[in-house]
Amino acid sequence: MNTIPLFRSFLKNKSSILWILLLFGSIAFLLFGNLSSLPVREYDEARNSINALEMAKDHQFMVTHYEGIPDLWNTKPPLMIWCQVLCIYLFGPGEFAIRFPSAFAGLLTCILVFIFCYEYLKNKILGVFSALVLVTLTGYMNFHGTRTGDYDALLTLFTTAACLSYYLHINKNNSGFLLLFFLFLSLSVLTKGVSGLLFLPALFIYTIFKKKLITLFHLREFYVGSITFLFIALGYYLLREKINPGYFDAVFSNELGGRFLNTIENHSGDFLYYISNLIHGRLRFWYLLIPFGILIGFLDKKNPPLSDLTFFATLLVFSFLLIISFSQTKCYWYDIPLFPFFSILISLGLNFIYGFYRNFKKHNISGIIRIICVLVIMFIFYEPLRTSLKRTLKTNEETWDSQKYEISHFLQSALKGKYNLDNFYLVHDGFPTHLLFYIRLLNDKGDHFSFKKAGELLPGDRIIAHQQEVFQEIEKNYTTKILFSNKNVIAFQIEGYN
């Protein structure tokens with residue numbers, strides 16, 4: 001996409017520079033503000049963080065490791081982990097380094113959507129609305145989205161870039177965009193495996209609809225791009241299997257047939273699971289504007305590119321939703337690649353309202369009516385922007401998570417020097433990876449701090465515990481002395497056996 005004219009126009013117009021800096025400065029604040037305030041989330045982000053810490057130390061960049069062993073539970077290719085490792089080198093290990101790639105991918109996705117609307121549709125207001133709507137979508141600006149070190153925000157950047165590149169190739173007959181499509185498709189697969197391919201059925205249908213399938217197969221760039229994609233994406237899988245035998249089997253059971261045909265890790269739901277989630281929280285009230293935006297886009301016969309883009313985005317949304325709805329394993333974050341296209345469809349309706357203001361201003365019609373149009377748009381944006389800002393400024397846990405992550409906040413404080421945990425053990429019952437992250441950082445700091453099971457404690461051991469069941473087991477088997485406490489986190493010294 002040739003963006004040079006875009007930036008030249010900005011440089012010539014000081015007001016353009018000002019509002020574009022204000023727009024993306026505000027978006028960047030929403031994305032990066034308090035990014036490291038909450039501790040590492042249990043499960044996926046925690047696993048990624050350990051993979052990244054180990055890769056940063058062992059320099060084994062082709063195979064992710066967990067506790068020194070090749071990781072066959074997390075079978076995703078390592079592009080996201082590479083980004084986190086780079087950030088660890090740049091910023092030092094911690095929550096910010098783990099989450100920076102997701103937040104930065106969110107910012108790039110907003111810029112990408114804006115540039116596409118500005119350059120291709122010649123509609124900067126639609127671009128502004130699309131970028132702003134995207135960072136007010138609850139499901140996007142949340143855990144497993146741009147606020148944590150998970151794969152999905154980076155995946156969404158590459159799938160969005162791939163789809164828009166393909167769209168521009170089909171509609172502008174520019175083979176350079178086709179090569180870009182294959183590049184971004186490769187990066188999508190290197191980010192999250194087969195999930196990077198889920199838009200392909202919709203792109204195939206769109207190609208047939210535009211009567212470009214035969215033309216596509218006659219292009220040299222199609223074969224160059226296909227070979228490049230296979231070399232990059234399939235090449236990684238083959239190399240990983242050679243280095244780490246058994247990887248193919250793990251990928252198949254975790255990502256391919258196993259995940260689609262069976263329910264994995266109790267992530268179940270009915271066919272309407274994703275639609276219900278979108279309506280009841282992940283899109284908040286924005287979902288009400290999607291049918292309106294689609295209708296406006298289809299009915300705008302004076303602007304064929306807009307009408308065609310509406311069909312394209314709608315096709316992508318319905319095809320992707322259909323695929324993940326048929327999958328037996330359902331996780332609420334699987335819908336995140338749809339959010340940039342939701343933002344465009346929603347913004348079509350907002351742009352229609354803004355069109356009244358523009359036309360009234362052009363024909364010098366009553367200023368009151370123009371003010372009403374502006375107030376309607378401000379009213380629509382008020383609650384989503386307020387909610388996004390509140391989420392960015394939030395530094396405390398939700399009520400339902402406060403007890404679970406109390407120990408994580410305690411370990412965060414220990415890293416900052418508030419508590420001395422040298423020669424202590426942590427007794428924890430349950431999934432430990434999000435706590436292992438802090439144990440590793442404390443060890444790097446020089447503290448001798450590690451896990452120990454309640455049944456293996458010895459007189460003289462100094463321990464940290466935070467769970468009621470652990471307290472009960474310790475009180476049953478040992479005599480103890482409390483050293484200090486913070487809410488439900490208590491430090492004991494084991495003095496003897498009962």
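The values are calculated or read from the model by the stated rules, or taken from the named source; none is laboratory data. No experiment lies behind these values; they were computed from the predicted model shown. Note: ideal-geometry Cβ built from the backbone for every residue, glycine included; neighbour counts use all protein chains shown. SASA here: full protein model, heavy atoms, side chains in, ligands and nucleic acids out. Shrake-Rupley method; radii C 1.70, N 1.55, O 1.52, S 1.80 Å.
For LYS211, LYS476, write out the residues from largest to smallest accessible area, computed with a 1.4 angstrom probe and no ligands counted. Can you show the working numbers first?
On the way: LYS211 175, LYS476 155 Å².
Solvent-accessible surface, decreasing: LYS211, LYS476.
Does anything in segment 424-461 have its amide N under 19 Å from the 7 Å Cα→Cβ label point of ASN477, and if so which residues?
Flagged as within label range: 424-432, 450-461.
Just the number please: accessible area per residue for segment 270-333, 1.4 Å probe, all protein chains included, in Å².
The answer is 48 Å² per residue.
Please compute the length gained on full extension between LEU197 and ILE125, using 0.36 nm multiplied by the number of residues separating them and subtracting their Cα-Cα distance.
Separation in residues times 0.36 nm, less the Cα-Cα distance, equals 22.8 nm.
Would you mind working out the magnitude of the charge dipole of segment 177-296 relative to its Cα centre, with +1 at each Lys and Arg C-beta and -1 at each Asp and Glu C-beta, to the nearest 20 Debye?
Result for segment 177-296 is approximately 420 debye, rounded to the nearest 20.
Taking a temperature of 4 °C and a viscosity of 1.567 mPa s, what whole-number D in µm²/s does Stokes-Einstein yield for segment 99-240 with Rh from Kirkwood over alpha carbon pairs? Write down the numbers at each step before the final one.
Values: Rh = 15.9 Å.
The estimated diffusion coefficient comes to 81 µm²/s.
Using R₀ = 41 Å, calculate the FRET efficiency as 1/(1 + (r/R₀)^6) where r is the Cβ-Cβ separation of LYS210 and ALA28; round to 0.05.
Values: r = 36 Å, r/R0 = 0.88.
Once rounded, the FRET efficiency stands at 0.70.
Applying a 10 Å radius around every beta-carbon, put 30-39, 157-166 in order of their mean neighbour count, most first. Don't skip to the end; give the middle numbers.
On the way: 30-39: 19.2, 157-166: 25.7.
So the order, starting with the most tightly packed, is 157-166, 30-39.
Mind checking which lysines have their Cα closer than 25 Å to the Cα of LYS172? Skip sequence neighbours fewer than 8 apart in that chain.
Reachable lysines: LYS122, LYS124, LYS210, LYS211, LYS212, LYS301, LYS302.
Of the peptides 271-281, 324-334, how do they stack up when ordered by the mean number of other Cβ atoms within 10 Å, highest first? Write down the numbers at each step before the final one.
Working: 271-281: 15.2, 324-334: 18.0.
Listed from highest to lowest mean packing, they are 324-334, 271-281.
Mind checking which lysines have their Cα closer than 28 Å to the Cα of LYS487? Skip sequence neighbours fewer than 8 apart in that chain.
Counting by Cα, and skipping residues close in sequence, LYS487 has these lysines nearby: LYS390, LYS394, LYS404, LYS416, LYS418, LYS445, LYS452, LYS453, LYS476.
Where a Cα-Cα gap under 27 Å defines reach, which lysines qualify for LYS192, not counting those fewer than 8 residues away within the same chain?
Once the sequence-local lysines are set aside, what remains near LYS192 is LYS57, LYS76, LYS242, LYS330.
Given a Förster distance of 51 Å, report the FRET efficiency between GLU241 and GLN493 from their Cβ-Cβ distance, rounded to the nearest 0.05.
The pair GLU241/GLN493 has a calculated efficiency of 0.55.
Just to confirm my numbers, what's the Cα centroid distance between segment 124-150 and segment 264-314 in Å?
Rounded to whole Å, the Cα centres lie 15 Å apart.
Run the quick spin-label model on PHE311 and SER485: label points 7 Å from Cα toward the beta carbon, then report their separation in nm to one decimal.
Each label point is offset 7 Å from its Cα along the Cβ direction, giving 6.8 nm.
What's the carbon and sulfur percent of the chain's accessible surface, probe 1.4 angstrom, rounded to a whole number? Mind showing how you got there, number by number?
Numbers: 14760 of 22880 Å².
With neighbouring chains kept in place, the figure for the chain is 64 percent.
Using a 1.4 angstrom probe on the protein heavy atoms only, line up LYS212, LYS481 by accessible area, largest first.
Values: LYS212 45, LYS481 95 Å².
If we order LYS212, LYS481 from most to least accessible, we get LYS481, LYS212.
Going 7 Å from the Cα of SER175 along its beta-carbon direction, which residues of segment 191-234 have the amide nitrogen within less than 12 Å of the resulting point?
Backbone N within reach: 216-225.
Per-residue counts of other Cβ atoms within 10 Å, averaged by peptide: what ranking do you get for 56-64, 423-431, highest first?
Top of the packing list down: 423-431, 56-64.
For segment 53-117, take the alpha-carbon Rg, divide it by the Kirkwood Rh, and send me Rg/Rh.
Looking at segment 53-117, the ratio lands at 1.08.
As a check on your grasp of the helix formula, calculate [θ] at 222 nm for the chain: sum -39500 (n - 2.57) over DSSP H runs of n ≥ 4, divide by the residue count, round to the nearest 500.
Details: 23 runs with 305 residues, N = 498.
Calculated at 222 nm, the ellipticity per residue is -19500 deg cm²/dmol.
Ignoring everything but the protein chains, give the 1.4 Å probe accessible area of CYS110 in square angstrom, nearest 10.
Result for CYS110: roughly 0 Å² accessible.
So how exposed is ILE115, as accessible area in Å² (1.4 Å probe, rounded to 10)?
20 Å²
Express in whole angstrom the spacing between the alpha-carbon centres of segment 12-79 and segment 402-450.
Taking the Cα centre of segment 402-450 as reference, the centre of segment 12-79 is 21 Å away.
Of [x] 20.1; [y] 21.5; [z] 26.7, which is the value of mean projected area of the Cα convex hull in nm² derived from the coordinates here?
Derived directly from the coordinates: [z].
Can you give me the Cα centroid spacing of segment 471-498 and segment 169-219 in angstrom?
61 Å
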